[in-house]
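Here's the structure, in C-alpha cells; my notes come after.
The values are calculated or read from the model by the stated rules, or taken from the named source; none is laboratory data. Predicted, not measured: the structure shown is a model, and the values here were computed from it. Cβ placement follows ideal geometry from the backbone for every residue including glycine, while neighbour counts extend to all protein chains displayed.
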Amino acid sequence: MDEPILSVRNLTVHYIKEDSTVRAVNGLSFDLANKETLGLVGETGAGKTTTALSIMRLIPNPPGKIIEGEILFKGEDVLRYNKHRLLRMRGRDISMIFQDPMTSLNPVLKVGDQIAEVIHIHKKLSNKEANIEAMKMLEVVGISSDRFNDYPHQFSGGMKQRVVIAISLACNPKILIADEPTTALDVTIQAQVLEMMGALKKNFDTSMILISHDLGVIAEVCNRVGIMYAGNIVEIGNLEDIYVNGFHPYTKGLFGSIPDLDSDTERLKPIEGLMPDPAHLPPGCPFYPRCPERLPECKTKLPGAVELSPGHLIRCVHAKKN
Amino acid sequence: MTDTLLEVRRLKKYFKTPNGLLHAVDDVSFSIPRGTTLGVVGESGCGKSTLGRLILHLLDLTDGSIIFDGRDITNLSKQEQKDIRQYMQMIFQDPYSSINPRMTIGEIIGEPLIIYGKCKNVAERAEKVNSLMETVGIAQRLINAYPHELDGGRRQRVGIARALALNPKFVVCDEPVSALDVSIRAQILNLMQDLQEKLGLTYIFITHDLSVVKHISDEIVVMYLGKIVEKCESKELFSTQYHPYTKALLSAIPRPKIGGRKGRIILKGEISSPINPEEKCRFFPRCVYVKEKCGQNQPELREVSRGHFVACHYHEEINGVAKGD
C-alpha cells in the first residue's frame, strides 16, 4: 500500500465547559488510503462529527479544544497550519459536505454564485470564468445550468444536497468528508444522491470519509469501516471484517438492533442501557456497562487495539492474537 | 369474522393554499382489526401524518367518515371529541418538542389523569403514575426530574406513558422511533410490542422507514401523494410488490450487508406537487413503466390477490415483465 493520504494519530478533542469537560474524542487513530472510502459509523455522541470538524480545523474554540494528536495530510500536520494555509486547504485540499442541506447554503445568494465563489477563491479565475465552471459543476451533479440564478429556497432537499456536493467538488479536492449527507433525504432521493456520489468520486479520484449512523448506506458506498463508540474507534476493517466477521460486542449489538428486511425476525435484540455521558466516561472500557461479554478487568482496563487479521483492528479484551 | 376497531371510509383532507387546493389525503379507506398494527409508509409529503391527525380529530376532515369501535365519530362536538380521545391517543415523533419542558416527568404523565378526573385523590394518582412509569421502564427516581435531564429514548418512554395513562384502545404512533439512535430504537420498538400484547392495543404506525414497519405491523399501506398505492399483509409486501412505486421504495433501502441490494430501481425526479393534482396516476411522472392510460385517469385500488390491493393500471403486465428480469 502507498502512503496514506490522511493519517489521524492519537487525536483527542475535549469540549471544556465551566462545570465539566466533555471528552468527545479520545486518542483516535486511523489512516485513509488514496482513493479509498472510509465509513465512520456510530450513534449520537460517538464523536463522528467532532472527528470530521477536527480534520477541517473547524472545532469551535472555545469550548472545543484539540488536546493532542496529529492529523497528517500528505505528511504535513494540519494542526500546525497557520490561518492562511488553512484557508487554502479548506475547499481545495479537503472539503466537507454537511448533514443538513437546508442550512448549509446561504439563503440570500444565488446557488450559482455560491458554487462560483469557491472556484474564484481557489482557482484564481475571473468571475466570468468561475461562472462558466460553476455551470459545468451544476450539470455534473445533474442540475440544469439554467438554474444558475435560482435561490436555495427554489430547490428541494435532494437538489440542495446536489448543490452542496457541487460546491464541495468544484475545486477537485483530494479528500471529501461527508457528514451524514443523505440522512435528511427520503429513501428514493437518497438512492439517487448515493449513486451520483459514487460515480463522482470515481471521476474525480477523490478519497472520501463518509460519516453515517446507517450501516446500510455504509455497506453500499465504503471500502473500509470504522465503528465508533464514546470517542474512539472500537473496530475497524474492510467490509467483510465488519459485516461478516464483526468481533467487538458493540459491533454485534449494532447489527442485532437493526430490523432485517430479508428475514423474519420477530424480535430485535437491542443493546441494553445507554451511551455513556461523554462528560463522565467510565474509567475502563467505555462499553463496559452495556457489554454482554464483559469481564471484571474491563471495568478498569482500557484495551488497546489488536490486529486480528491484516487491517482488522479491535479494541476489546477478547481480541487476542493467534 | 374479524373484529374491526377502526374503519376509515373515503377520507379526504384538502388544505387551502394561495396556489390552489393541496390534496394532502385523497380518498383513503382502510380498516384495522382490534389488537393489530397497521403500518402507514411513505416519503415526506405523502400525507401519512395528516392521516394520523385526521383520525384523532386534530385536524378537521374535508370529506369521508371514521368509524371507531362501532360508532361513527366523523362529526363530533368539542365535548364528544374530548370524550372519545381518552380511547385514542397519540405518540409523537419528536420526544424533544412533544413534552412540556417546564413540567416534571410525574406531572406530564399524571396530567391526562387530572384532565379526565380519573383519580379520586392525590395518592391514587401518584400510584397510577408510578405503575405507568414501571410499565414503560422509567426509574422511579426520575419522577421529579425535568425533560432536559433525560435522553431521547427515555423522553420517548415518557411520551408513551402519557399516551397510555387513560387506558386507550387505539394509539396513533407518528414516527415514534425516527429521532432515536439504532440501539435505543430497538428498545422502544420492543417495548411497544410488549405493551400491545399486554394491553391489547391497536396501533397505527406511521413511518418512512420500511424496515421498522415490517417488524411491527400486521398490515401495511403504502402512500404516495395522498393516495394509497398498495395495501397488503406485512410479510407479503416484502416478498411480492405489485406497484412500481413500492418496488422502487423497497429497492432503495440500503441493506446492511455486503452486496445486499440487487436490481436496484433508481427513480427519476422527485415527488410532484400535491396542489391541484391532475386526473391521472399520481406516480405518472416518475414511473418507469408509464403507458398511455396512466396519463388519462387515476387508477382505483383493486384487489389483485387475496387481501392484496394495488392502484395501478398495468400491474399484471408489469409483474409479468418484472418476474423475468
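Odds and ends about this structure:
- Single unsatisfied condition, B:GLN81 versus (1) within 14 Å of the chain's Cα centre (by Cα); (2) farther than 30 Å from A:THR188 by Cα; (3) of a type outside the set (Lys, Arg): (1)
- Among the residues of region B:159-181, those that are under 21 Å from B:SER49 (Cβ atoms) and in contact with a Pro (Cβ under 7 Å, 6 or more places away or on another chain) comprise B:GLY159, B:ARG162, B:ALA179.
- Scope region A:115-159; condition modelled with pLDDT of 90 or more and basic (Lys, Arg); matching residues: A:LYS128, A:LYS136, A:ARG147
- Qualifying residue in region A:294-310 (condition: surrounded by fewer than 21 Cβ atoms within 10 Å (Cβ to Cβ) and within 14 Å of another protein chain (Cβ to nearest Cβ)): no
- The strands (runs of 3 or more DSSP E) found entirely in region A:191-250 that carry 1 or more residues being more than 18 Å from B:ILE266 (Cα to Cα) and basic (Lys, Arg) are A:224-229.
- Residue list for region A:156-211, filter: among the basic types (Lys, Arg) and more than 19 Å from the chain's Cα centre (by Cα): A:LYS160
- Members of region A:18-59 that are polar (S, T, N, Q) and over 16 Å from A:SER212 (Cβ atoms): A:SER20, A:THR21, A:ASN26, A:SER29, A:ASN34, A:SER54
- If you go through region B:299-318 and keep only what is without any contact (Cβ under 8 Å) to a residue 40 or more places away in the chain and either within 13 Å of B:TYR245 (Cβ to Cβ) or crowded, with 16+ Cβ neighbours inside 10 Å (or both), you end up with B:PRO299, B:HIS313, B:TYR314.
- Residues located in region A:163-174, provided they are touching a helix residue (DSSP H, G or I) at 6+ places or on another chain (Cβ under 7 Å) and either of a type in the set (Gly, Ala, Ser) or in a helix (DSSP H, G or I) (or both): A:VAL163, A:VAL164, A:ILE165, A:ALA166, A:ILE167, A:LEU169, A:ALA170
- Residue in region B:172-179 that is more than 15 Å from B:SER97 (Cα to Cα) and either touching a Cys at 6+ places or on another chain (Cβ under 7 Å) or surrounded by fewer than 22 Cβ atoms within 10 Å (Cβ to Cβ) (or both) present: no
- Verdict on A:TYR229 being touching a residue at least 60 places away in the same chain (Cβ under 8 Å), under 24 Å from A:GLY311 (Cβ atoms) and within 11 Å of chain B (Cβ to nearest Cβ): yes
- Subset of region A:175-190 that is buried (at least 21 other Cβ atoms within 10 Å of the Cβ) and in a loop (DSSP other than H, G, I, E, B) - its residue that is nearest to the other protein chains (Cβ to nearest Cβ): A:ASP186
- Candidates in region A:90-118 are the residues that are within 30 Å of A:GLY75 (Cα to Cα) and charged (D, E, K, R); of these, the one that is farthest from the chain's Cα centre (by Cα) is A:GLU117.
- The set of residues in region B:141-171 that are of a type in the set (Lys, Arg) and either surrounded by 20 or more Cβ atoms within 10 Å (Cβ to Cβ) or over 20 Å from the mean Cα position of the chain (by Cα) (or both) comprises B:ARG141, B:ARG154, B:ARG155, B:ARG157, B:ARG162.
- Yes/no for B:GLU124 being more than 22 Å from A:GLY256 (Cβ to Cβ), among the acidic types (Asp, Glu) and more than 13 Å from chain A (Cβ to nearest Cβ): yes
- Answer residue from region A:244-278, given it is without any contact (Cβ under 8 Å) to a residue 24 or more places away in the chain and hydroxyl-bearing (Ser, Thr, Tyr) and is farthest from the other protein chains (Cβ to nearest Cβ) among those: A:SER263
- For region B:141-153, the set of residues classified as assigned to a helix (DSSP H, G or I) and within 13 Å of B:ILE105 (Cβ to Cβ) consists of B:ARG141, B:LEU142, B:ILE143, B:ASN144, B:PRO147, B:HIS148, B:GLU149, listed by residue number.
- Verdict on B:LYS262 being more than 29 Å from B:ASN19 (Cα to Cα) and either modelled with pLDDT of 85 or more or in a helix (DSSP H, G or I) (or both): no
- One residue stands out among those in region A:125-170 that are of a type in the set (S, T, N, Q), more than 14 Å from chain B (Cβ to nearest Cβ) and free of Cβ contacts under 8 Å to residues at least 40 places away in the same chain: the one that is surrounded by the most Cβ atoms within 10 Å (Cβ to Cβ), which is A:ASN131.
- Subset of region A:193-210 that is within 14 Å of chain B (Cβ to nearest Cβ) and in contact (Cβ under 8 Å) with a residue 40 or more places away in the chain - its residue that is nearest to B:GLY42 (Cα to Cα): A:MET196
- Residue check, A:PRO286 of a type outside the set (D, E, K, R), more than 21 Å from B:LYS257 (Cβ to Cβ) and part of a loop (DSSP other than H, G, I, E, B): yes
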